[in-house]
Amino acid sequence: MNIITVIPLTRSKMVSELSYFTSSDISKGAIVAVPIRSSTVNAIVIDVKSVSDMKSDIKDSTYALKKLGKVKATAFFPASFMDSCKTLADYYATNTNHIIDKLISSTLIENAHRITPPCIPATATSQNEIFAVQGDDIDRMSSWRSLIRQEFARKKSLVIYVPTIEDVRNVYRLLEKGIEGYIHALHSGLSDKQILATWESIATTKHSVVIIATGSYALMPRADIETVIIEYENGKGWVTQRAPYLDIRHALETISRKHKQTIHVADRLLRVETLKRLDNHELTEGTPFKWRSVTTAKETLVDMRTKKLENEIRDTDNDKKKDDEETKAPVKFRVLSTEIELLINKNLQENSHLFIYTVRRGMSPMTVCSDCETIVSCTNCSAPVVLHTSKESGKNFFMCHKCGDRRSALETCVHCASWRLTPLGIGIDRVAEEIKKQFPMIDVYKIDGDTVKTDKQIHATIEKFKSKPGSVLLGTEMALLYLPEKIEHVALVSIDSLFALPDFRIQEKIMYTLIRLRAAADRSFVVQTRRPLEKIFEYGMKGNLSDFYRTTLDERMQFSYPPYSLLIKLTIEGKKDAIANDMAAFVKLLEPHEIDVFPAFTSTVKGNSVIHGLLKISPRAWPDAELVAKLRSLPPHVSIKVNPESLL
């Protein structure tokens, strides 16, 4: 008879480890079914001891041990993986089961007794080198093709991790030529049957293989994988949206280091934190490494603040030159600049294609009272509402993109009762309306969260756009994932609203967007802005990655932001007085560490207030065992984010 200790694979913050008795011989890493209250859940065995060795402990126990359920698999998880997950649990101040939940697909867990278990490299290098690769997409993919040939010659396999399902499809498409039958894709967009079949194919193929996967497949069923690539390292989608808010990039690197695999982190522009590690010689430059992004497109930055009068200055005896101040006049608000209007015309005449990027959905991302300057906000969560136009009725309505609340736009200012509510900014619907008004003969397609809801709809929209030369495709950030091929003309209509966000990563986000759009353009790249003096446009339009990095690093150092500190953000939602008292108690609990307490950018949600507490500590001092224990002791309603993506 044995006593086993298990980690239940549940999302409950209160359940970390449980013990059961069984007559079966079970090894560590096995997946078993265990009873918890009235249900049965999967669990991982982390310790096995004989009853004879624990008689005194059992006798003194204050609770009765339950009998173990059915054994579903044996030794499914390697000990090194479990050690890595425990290390990650300490880093993110959470339980090990929460880490495993994010790194292993539930399909694999549920079918663990039917499939080949994961393997670790049998003869991995002891160097554990980490390479940083920064370059254009075409160059990086060329490097991976060369690396694949090299690894295949050594009879070794490799895995490429990317943040999203569409990234898996794109990279698969770019690399599959010549290695058909030896390249596999794993992601949550596949059915359970497809996932299991692919897993077994990976496990049983005698030839070396290439695997393109998302982070839910942190383990693979092969012992010959000595190389791990973390691609699109600066992309969106790496941090889980639910607790423990795990950074999958960090988790994959931690696991790969434990397995002594060679790691490559790559993107067109690596994160500031990654580039700082390169400066510190923690990483080695991969080949090729570029500090300047190149493009074949003609670049134009349009200043939307002022314009010349229609009458040109005539240099004659009868007409004197006018002062510059007199030759400029305030511009009536325009959605599209003259340059973009000309580009739309050119695109039509050339039978080419034009993609126009906008940051926001709807007609206008913000509405302000012209009399008292009060921002029209959501009555539920206080976030600024976005003006939309109903397709059915043609009437305007306000919609909150945070909580989804909708209401009629026929209202007065809540502060001064004025009717003069003015929509500000440029949303995708406003751009579409303006193009249709000026160019009724042109087909306009849209990709945003309000227009397309599924991958199938997005791909159908892309195909219609491609099959219709002279057409225009409008898209928000989500569209960029679905445009891996170059487009003749690319324009950016609105990004200025991002500058207003008080977030330390916003400059990096804007730069990454500019670089992606610039790389997508084949002939023309036009950016219109009312903030042309921002240095970010100079860096982005020239592809100057080096100066951007140095400038951003200096700003981060000035305010002690990452990589010069490790941030831990605590968030509490509830009634104002109650959460203020809670936060005050947590501030005292976490002493001597100082906590900066401040309201959330959206200070209320559905009638509740939201506040943050921010700790800045030395990266070398983390994880601190005492502080981790205190954070783990916080009640479940406290959100804990280590190295958060945003402070808003």
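Contour minus end-to-end for Ser50 and Asn111, with contour as 0.36 nm per residue of separation and end-to-end as the Cα-Cα distance?
Separation in residues times 0.36 nm, less the Cα-Cα distance, equals 19.1 nm.
Run through segment 380-479 and list the trypsin sites (Lys or Arg not before Pro) located in a DSSP loop whose Cβ has at most 11 other Cβ atoms within 10 Å.
Lys391, Lys395, Lys453
Work out the length of the dipole vector of segment 566-642 about its Cα centre, built from +1 on the beta-carbon of each Lys and Arg and -1 on the beta-carbon of each Asp and Glu, and round it to the nearest 20 debye.
Result for segment 566-642 is approximately 220 debye, rounded to the nearest 20.
At what distance in nm do the modelled label points of Glu555 and Ile617 sit from each other, each positioned 7 Å from its Cα along Cα→Cβ?
If labels sit at Glu555 and Ile617, their model points lie 2.8 nm apart.
Evaluate E = 1/(1 + (r/R0)^6) for Ala500 and Asp405, where r is the Cβ-Cβ distance and R0 equals 25 Å; express this FRET efficiency to the nearest 0.05.
Values: r = 22 Å, r/R0 = 0.88.
Efficiency computed from Cβ-Cβ geometry: 0.70.
Normalised by the number of residues in segment 513-593, what is the relative contact order in percent for Cα pairs under 8 Å and 6+ residues apart?
It rounds to 16 percent for segment 513-593.
Per residue and in Å³, how big is the convex hull formed by the alpha-carbon atoms of segment 501-619? Mind showing how you got there, number by number?
On the way: hull volume 16.7 nm³, N = 119.
Hull volume normalised by residue count: 140 Å³.
Okay, helix-only estimate at 222 nm for the chain: each DSSP H run of n ≥ 4 adds -39500 (n - 2.57), divide by all residues, round to 500 deg cm²/dmol; what do you get?
Rounded to the nearest 500, it is -9000 deg cm²/dmol.
Would you mind putting 179-186, 98-105 in packing order, based on average other-beta-carbon counts within 10 Å, highest first?
98-105, 179-186
Give me the distance between the Cα centres of segment 518-596 and segment 202-224, rounded to whole Å.
36 Å
I need the calculated FRET efficiency for the pair Arg632 and Ser146, taking r as the beta carbon distance and R₀ as 41 Å, to the nearest 0.05.
Plugging the Cβ-Cβ distance into 1/(1 + (r/R0)^6) gives 0.35.
Return the inverse of the average 1/r over all pairs of distinct C-alpha atoms in the chain, which is the Kirkwood hydrodynamic radius, in Å to one decimal.
Roughly 27.9 Å, rounded to one decimal.
Quick check: residue separation of Glu463 and Lys86 times 0.36 nm, minus the Cα distance between them. What number comes out in nm?
131.1 nm
In segment 546-602, how does Rg compare with the Kirkwood Rh, expressed as the Rg/Rh ratio over alpha carbon atoms?
Taking Rg over the Kirkwood Rh, I get 1.13.
Under 8 Å for C-alpha pairs, at least 6 residues apart: give me the relative contact order for segment 130-285, rounded to a whole percent.
For segment 130-285, the relative contact order is 35 percent.
With both bridge residues required to lie in the chain, what share of the DSSP beta bridges run antiparallel, to the nearest 5%? Walk me through the intermediate numbers first.
Details: 59 of 110 bridges.
Antiparallel bridges: around 55 percent, rounded to the nearest 5.
What number, in percent, do you get for the relative contact order of the chain if the mean sequence gap of Cα pairs under 8 Å and at least 6 apart is divided by its residue count?
It comes to 12 percent, rounded to a whole number.
Name the shape class, rounded, prolate or oblate, that the alpha-carbon gyration tensor gives for segment 366-424, where a ≥ b ≥ c are the square roots of its eigenvalues, rounded holds for a/c under 1.5, and otherwise prolate holds if a/b is larger than b/c and oblate otherwise.
It comes out oblate by the Cα gyration axes.
What order do you get for Met557, Met511 when you list them from fewest to most C-beta neighbours inside 10 Å?
Fewest to most other Cβ atoms nearby, the residues stand as Met557, Met511.
Strictly over 22 Å apart at the Cα level, which of Lys236/Lys616; Lys102/Lys616; Lys569/Lys630; Lys402/Lys437; Lys509/Lys535; Lys346/Lys486 would you flag in this model?
Those over the limit are Lys236/Lys616; Lys102/Lys616; Lys402/Lys437.
At a Förster radius of 45 Å, what calculated FRET efficiency corresponds to the Cβ-Cβ distance of Glu299 and Ser188, to the nearest 0.05?
Efficiency for this residue pair is about 0.75.
Would you mind classifying segment 332-386 by shape? Square roots of the alpha carbon gyration tensor eigenvalues, ordered a ≥ b ≥ c; an a/c under 1.5 is rounded, otherwise it is prolate if a/b is larger than b/c and oblate if not.
Taking the square roots of the gyration eigenvalues as a ≥ b ≥ c, segment 332-386 is oblate.
Throw me the Rg/Rh for segment 448-567, computed over C-alpha atoms with Kirkwood Rh, two decimals.
Rg divided by Rh gives 1.03.
Please determine, in degrees from 0 to 90 and to the nearest 10, the orientation of helix 137-153 with respect to the longest principal axis defined by the Cα atoms of the chain, where the helix direction is its Cα long axis.
Orientation of helix 137-153: about 30 degrees from the principal axis.
Could you give the nm distance between label points at Glu433 and Arg530, where each point is 7 Å from its Cα heading toward the beta carbon?
It works out to 1.7 nm between the two label points.
Which order, highest average first, do 159-169, 249-259, 278-288 follow once you tally other Cβ atoms within 10 Å for each residue and take the mean per peptide? Provide the component values of the computation, followed by the final result.
Numbers: 159-169: 22.3, 249-259: 20.4, 278-288: 13.5.
Result, highest mean Cβ count within 10 Å first: 159-169, 249-259, 278-288.
Of the chymotrypsin sites (Phe, Trp or Tyr not before Pro) in segment 559-640, which ones lie in a loop per DSSP and count no more than 13 other C-beta atoms within 10 Å? Mind dumping the intermediate values first?
Working: sites: Phe559, Tyr564, Phe586, Phe601; in loops: Phe559, Tyr564.
For chymotrypsin sites (Phe, Trp or Tyr not before Pro) across segment 559-640 that sit outside H, G, I, E and B with at most 13 neighbouring Cβ atoms in 10 Å, the list reads Phe559.
Using only Cα atoms, tell me the angle between helix 455-466 and the longest principal axis of the chain; keep it within 0 to 90° and round to the nearest 10.
30 degrees
Cα axis of helix 545-558 to longest principal axis of the chain: angle in degrees, 0 to 90, nearest 10?
Helix 545-558 and the main axis of the chain meet at about 70 degrees.
Between segment 231-302 and segment 166-194, what is the separation of their alpha carbon centroids in Å?
Distance between centres, Cα-based: 21 Å.
Size of the dipole of the chain about the Cα centre, Lys and Arg at +1 and Asp and Glu at -1 on the beta carbon, nothing else charged, in debye to 20?
1440 debye
For segment 566-642, what does the alpha-carbon gyration tensor say about shape, rounded, prolate or oblate, given a ≥ b ≥ c as the root eigenvalues, a/c under 1.5 as rounded, and a/b over b/c as prolate? Numbers along the way, then the final one.
Details: a/c = 2.17, a/b = 1.80, b/c = 1.21.
Prolate, because a/c is 1.5 or more and a/b exceeds b/c.
When DSSP assigns beta bridges and you keep just the ones with both residues in segment 139-225, what percent turn out antiparallel, to the nearest 5?
That works out to approximately 0 percent antiparallel.
If you stretched the chain out fully between Lys66 and Trp291, how much longer would it get, using 0.36 nm times the residue separation minus the C-alpha to C-alpha distance?
Length gained between Lys66 and Trp291: 75.0 nm.
Once all Cα-Cα distances of segment 377-486 are split into 5 Å bins that start at 0, what whole-number percent is in each one?
Distribution as computed: 2, 9, 17, 20, 19, 13, 9, 6, 3, 1, 0 percent.
Coordinate-derived values only; no laboratory data. Bear in mind that the values here come from a model prediction, so they are computed numbers and not experimental data. All Cβ positions, even for glycine, are placed from backbone atoms using ideal geometry, and neighbour counts span all protein chains on display.
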